[in-house]
1. If residue 40 meets every condition in (1) modelled with pLDDT under 85; (2) more than 16 Å from the chain's Cα centre (by Cα); (3) surrounded by fewer than 12 Cβ atoms within 10 Å (Cβ to Cβ) apart from one, which number is that one?
2. Being at pLDDT 75 or above, of a type in the set (Phe, Trp, Tyr) and touching a helix residue (DSSP H, G or I) at 6+ places or on another chain (Cβ under 9 Å) narrows it down to one of 69, 53, so name that one.
3. Give all pairs with beta carbons closer than 6 Å in which a residue from the stretch 63-80 that is closer than 19 Å to residue 42 by Cα meets a residue that is modelled with pLDDT of 85 or more and part of a helix (DSSP H, G or I); count only pairs at least 6 apart in sequence or on separate chains.
4. Test each condition in (1) part of a strand (DSSP E or B); (2) modelled with pLDDT of 90 or more for residue 48 and report the one that comes out false.
5. Give the stretch 57-73 a look and list any residue that's out of contact with any strand residue (DSSP E or B) (no Cβ under 8 Å at 6 or more places or on another chain), open to solvent by 90 Å² or more (accessible area, probe 1.4 Å) and assigned to a helix (DSSP H, G or I), or say none.
6. Scan 76, 45, 80 and give me the residue that is under 24 Å from residue 24 (Cβ atoms) and of a type in the set (Lys, Arg).
7. Name every residue in the stretch 74-99 that is in a loop (DSSP other than H, G, I, E, B) and more than 27 Å from the chain's Cα centre (by Cα), in order of residue number.
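The values are calculated or read from the model by the stated rules, or taken from the named source; none is laboratory data. The shown structure was predicted, so the numbers you read here are calculated from the model rather than taken from an experiment. Cβ placement follows ideal geometry from the backbone for every residue including glycine, while neighbour counts extend to all protein chains displayed. Areas reflect the complete protein model, heavy atoms only, side chains present, ligands, DNA and RNA absent. Shrake-Rupley method; radii C 1.70, N 1.55, O 1.52, S 1.80 Å.
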Amino acid sequence: MVDRRDAAGVSPDSWLEVTHPFHPWYGRRFLRQHGRTPGNGQLVRCIVDERTFRHLPRAWTDLRRIDDFERTSAGRAFFRVDDLVALRALVDALLNDQQ
């Protein structure tokens, strides 16, 4: 692992931390490799060790973008209304397929 928090010449914003609670790397910090990543910016590239690079979803790191819903709910709401409506439509479709 490349976790050199006091590495000379490395700015603090060059690090990322895995924050997804179920990821095996939860809590580990990695050096972020700046530059282009595939897709629309939903992935970040990090240096795992001297020879290994990995792409992680931005939402699984401390670099995730907090949207208005998350900021307003402040952790009090577990589900978004849009997600619940989509889930209801999926359940209805599955139930209709069984009949």
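1. Of the numbered conditions (1) modelled with pLDDT under 85; (2) more than 16 Å from the chain's Cα centre (by Cα); (3) surrounded by fewer than 12 Cβ atoms within 10 Å (Cβ to Cβ), the odd one out for residue 40 is (2).
2. 69
3. 64/58
4. (2)
5. Correct list: 68, 71, 72.
6. After applying the criteria, what remains is 45.
7. Within the stretch 74-99, just 99 meets the criteria.
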